[in-house]
Each structure stands twice: as structure tokens, then as C-alpha cells.
Amino acid sequence: MTHAYSDTALNVSRGLAIFAVVAVPMSTAATSIACVAMLAAWLASGKAFATLRQSWRHPLGKMIVAFYAWLVVGTFYADTDWSAKLQTLSSWKKLAYAFMLLGLFQSRRWQQRFVYYFVGVMAVAAMVAIPLWATDWVVRSGRGAGIFMTNHSTQSMAFTAALLGTLFVLHEPLSPRWKIAVWSAAALFVFNIFFVSTARSGYLALPVAAVFAFGSLYGFRKLPYFIGAAAVAVALFVATSDTVQQRIQVTLDEQAHYQTSASETSIGLRVVFYRNTWQLIREHPWLGYGTSGFKPAYEQVAKLNGQGWHAMGTGDPHNQYLFIWVENGLFGVLLFLAYIGVGLREGLAHRPYGAIAASFLVAISASSLFNSHFKTFAEGYLLAFFLGALLSRPAEPDDA
């Protein structure tokens, strides 16, 4: 196998990875096909094992292996059948893509392409969303006006990732015309997150991640100033956006009346989930119930503690950290937090593109207090591709 052929196959694989990350928020099918093609090109290169060795040398690669190994250990003491165990392990397969990309994207030029293409495509998507929202046009059944991606949460988090990318792109040498274009894209993303989308996760994730991003750009000693600026900006958006105001009011109402509400509500369910999940943690804090053990354990405690919709079962408490603690115990949570910590450290050590990935990791970590975005298809794949591609350590900054 010639060197030129191997390099071409690896470049094709990198290009398909970029296509996949762009497709993630919009199409599960397109993403899956792109991932299969990416794997095929990677294997055809003849350098798959060489790139995997590079992945293993990366600190985040080691953390991915350690965390996933503990998930596998958890399958042996979970009181579920192997079908459920394998299904849960499969839901974490995004980690495998992150691991693979750590060894594949060792090129500063390809990292730049990853960021630029993602920001560019999301900018076009943001432009499309605004007239749909303004004309109250529902494109996908069951979605709100202007929401044409998988759902409102996915659309909000995709625009959050793109906005974080623009903050760093603006610090690169750009012509005045391109600077105006990037600033315009950033404005589009902000407008979409706070006015078009109804995703409360975006309202939380963006300010937290933006503070981290500005800290990485200008120094964390200025953090109090960034926090103050973010607070003022959020207050301004709350005051001017009917969408944000309505979502906040709904949140407060659902939380206040969850015990007396005749039907389940999004916030009410979360409150019940958290209370029951904490009970499970108190009963088995160290090892948990094993990988795939959350659902059957939760169903038992829910039936004991509630009636009606309060007794509903679930396979997800809408909190990533509580989910891991229930299934994989305190050690699993600590490994997971270490994985996040290593990702942040590596991102700050390899700027600018690593810092984009680290900032998006902060966004997902914040939103996962009320969701399981590390495991969901769209948000989980977005994060895995960002971490794998942008935290990879470039061996040759100027290679093609």
C-alpha cells in the first residue's frame, strides 16, 4: 500500500468526519451512513492501528478507555439480561469515535477545516431558522416554528457549539470582510438560542460555556468580569425575549405544582426523578446497580413512592451524573469527572481549537445537570466529534 494512497484514505476519513458532525443535528440516518463510510476509509488506509496508538498516547484516550472499561465491569453485576447490558454499552459508543478521532485529526489544517465548515453550515442553518420562526412555519411535525433540526434542544446546542467556535475564529487573521461575516454568524446564533429555540438547556449552557471561553482567551483572572458581563447579557435577553420569559415561567409553575398536577410535566417529572434517584444512590452508593441497572431499579422505587404519573418508570433521570452514579457507583462518577477534567485541561493546553472543544465540553457538562447529553444521539455525537477532532495533538501543523 503506497504512502500516497494511505494519506488519501485518511483524508477521506477526516472529510467524512466533518460531514458527519455537520449532519448530526439534522439527520440521524445521514450521520450513521457518514460514520460507516468514515470507518471504511480509515480501515482502508492501512494506518488504523497507527492512529489508534496515537489515540492511546493521548491522556483523554486513556481516560476514555478507563471509563469504558468500568462500564464493562458494571455489566457483570447488573441484574439485567445481556440484551439490556449491550444496549447500554452501545449508547456509549460515541466514546469510541472520540478515541478514534484523537489519532486521526493530528493536523492543524484539518482541525481548522472542521471548525470552519461546522460554523459555516450552522450559520446557513441559523439564517434558515429565522424566517421560519418569523412566519410561524412548522417544518417538522411536533416541533415549534423555526425548529427544523432533530428537536429544539439539539438545535440550541448545535448553535451553541457554533457560537463558541466563532469566538475563537475571530481571533485568527481574517480579512475585514470575513470578520464581518463571522460577527454576523455569531449574532445569528445568539438570536436563535434566545429567541427562536425554546430549549432551557441552551439558556444555561451558553452563558457558562461563554464565560469559560472568554477566560481561556483573555485569562481566568478576569473571570469575575466575564461572569458579570454574562449575567448582564442574560438579564437583557430575559427582558427582551418573550420565548425565554415564557419558558422560565413554565419552569417555575411546573416546579411549584408538581405534587398536585393531574398530569406529568417536564419539570415535574424531573423533580420526581431526582428524588427517587437519590434514594437509589443512598441505598447503593459505592458500586451502584451495574451497567443497564438504572431502569429496573428505578421502576421499583417509583412504584413504592408514588401514584399516578409520579409512579412512572424511566430509563433516564435527566441528569447525566445521577444516572452514572446509580449504574456505576461513586467510582464511576469519579472516572467520569476525571474524563471531563482531562478534556478541559487538554483543551486549554492546545489552543485555539482545543479550547473550542473544551468550551463545548463545559456547555454539555452544564446542560447535563438536567439532561443526559453525553448519551443522547445528537448532543453526544457532537461532543464526541468535537473532543476527538479538536483535542488531537497536531503532529505537523501545516500538513494537508
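The values are calculated or read from the model by the stated rules, or taken from the named source; none is laboratory data. Source: prediction; values computed, not measured. Methodologically, a virtual Cβ is constructed for each residue, glycine included, from the backbone with ideal geometry; neighbour enumeration extends over all protein chains shown. Only protein heavy atoms, including side chains, enter the accessible area calculation; ligands, DNA and RNA are left aside. Shrake-Rupley method; radii C 1.70, N 1.55, O 1.52, S 1.80 Å.
Met122 falls short of the stated requirement of being part of a loop (DSSP other than H, G, I, E, B) and either under 20 Å from Tyr381 (Cα atoms) or of a type in the set (D, E, K, R) (or both). Residues in region 283-319 that are small (Gly, Ala, Ser) and under 25 Å from Ile267 (Cβ atoms): 7 in all. The condition of being modelled with pLDDT of 95 or more, open to solvent by 10 Å² or more (accessible area, probe 1.4 Å) and not in a helix (DSSP H, G or I) holds for only one of Thr80, Thr150, that being Thr80.
Are any of the residues in region 156-179 buried (at least 24 other Cβ atoms within 10 Å of the Cβ), touching a His at 6+ places or on another chain (Cβ under 9 Å) and within 21 Å of Met26 (Cα to Cα)? There is at least one residue in region 156-179 that is buried (at least 24 other Cβ atoms within 10 Å of the Cβ), touching a His at 6+ places or on another chain (Cβ under 9 Å) and within 21 Å of Met26 (Cα to Cα). What about Arg108, is it surrounded by 15 or more Cβ atoms within 10 Å (Cβ to Cβ) and more than 19 Å from Gly380 (Cβ to Cβ)? Criteria met by Arg108. Within region 249-280, restricting attention to residues that are hydrophobic (A, V, I, L, M, F, W, C) and within 18 Å of Ser368 (Cα to Cα), the residue that is most open to solvent (accessible area, probe 1.4 Å) is Trp278.
Residues in region 324-376 that are within 20 Å of Trp56 (Cβ to Cβ) and charged (D, E, K, R) were compared, and the one that is surrounded by the most Cβ atoms within 10 Å (Cβ to Cβ) is Glu346.
Scanning region 83-104 for residues that are under 23 Å from Met38 (Cβ atoms), open to solvent by less than 50 Å² (accessible area, probe 1.4 Å) and of a type in the set (A, V, I, L, M, F, W, C) yields Leu89, Trp92, Leu95, Ala98, Phe99, Met100, Leu101, Leu102, Leu104.
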